Amino acid sequence: MQGDIAEIEASARLRFQQQSLLLTEAFDIPNNMTLADVTPVRSYRILALSVTEESVMATRLRQLGFVPGMQFVCEAVAPLIKNPYLVRIRGINVALSRHEALMINIEEIRL
């Protein structure tokens, strides 16, 4: 059972990396930073979503305000397990799972 879960996670991680690479090349994104790499109390800008446009997840993220160009602040990250992520976007706090955070390509805004 544990081996199956690890194999599924490794497979999903590989697929995500391949999709991120394709999006990075397609949109000429300079880095491969995702929302899962954030540090609390810093500002970020969304570069792209690494999900298909027609997916339910893409629709949900867009409805919450996660669209390219939108800025947000990472309010908190759960210690140890780093799940969930609390971000403030469009004046509202949104909690995202690690799985969702991995789908959002970002860049840090340096002031």
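The values are calculated or read from the model by the stated rules, or taken from the named source; none is laboratory data. What you are looking at is a predicted structure, and each value in this text was computed from that prediction instead of being measured. When we count neighbours, we look across all protein chains shown, and the Cβ atoms used for this are built from the backbone with ideal geometry, even at glycine. These area figures cover heavy atoms from the full protein model, side chains too; ligands, DNA and RNA do not enter into them. Shrake-Rupley method; radii C 1.70, N 1.55, O 1.52, S 1.80 Å.
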- Residues located in the stretch 71-85, provided they are open to solvent by less than 60 Å² (accessible area, probe 1.4 Å) and closer than 15 Å to Ser43 by Cα: Phe72, Val73, Cys74, Ala76, Val77, Tyr85
- For the stretch 51-94, enumerate the residues that are polar (S, T, N, Q), farther than 17 Å from Thr34 by Cα and not in a loop (DSSP other than H, G, I, E, B). Thr59, Gln63, Asn93
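Sort out which residues of the stretch 98-111 are open to solvent by less than 40 Å² (accessible area, probe 1.4 Å), over 17 Å from Glu53 (Cβ atoms) and under 9 Å from the mean Cα position of the chain (by Cα), and write them in order of number.
Within the stretch 98-111, the subset open to solvent by less than 40 Å² (accessible area, probe 1.4 Å) is 100-101, 103-106, 109.
Of the ones still in play, those that are also over 17 Å from Glu53 (Cβ atoms) are 101, 106, 109.
The answer is Ala101, Ile106.
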- Task: Answer with yes or no whether Ser55 is without any contact (Cβ under 8 Å) to a residue 12 or more places away in the chain and open to solvent by less than 60 Å² (accessible area, probe 1.4 Å).
- Result: yes
- Message: Could you list, ordered by first residue, the pairs with Cβ atoms under 8 Å in which the first is in the stretch 81-104 and under 15 Å from Val67 (Cβ atoms) and of a type in the set (Lys, Arg) and the second is modelled with pLDDT of 90 or more and open to solvent by less than 80 Å² (accessible area, probe 1.4 Å), at least 6 apart or interchain?
- Response: Arg90/Gly65; Arg90/Met70
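From Ile81, Ile89, which residue is β-branched (Val, Ile, Thr) and within 16 Å of Asn105 (Cβ to Cβ)?
Sole residue among the options that is β-branched (Val, Ile, Thr) and within 16 Å of Asn105 (Cβ to Cβ): Ile89.
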- Query: Within the bounds of the stretch 31-40, is there any residue that is polar (S, T, N, Q), part of a loop (DSSP other than H, G, I, E, B), modelled with pLDDT under 90 and over 23 Å from Ala95 (Cα atoms)?
  - Reply: yes
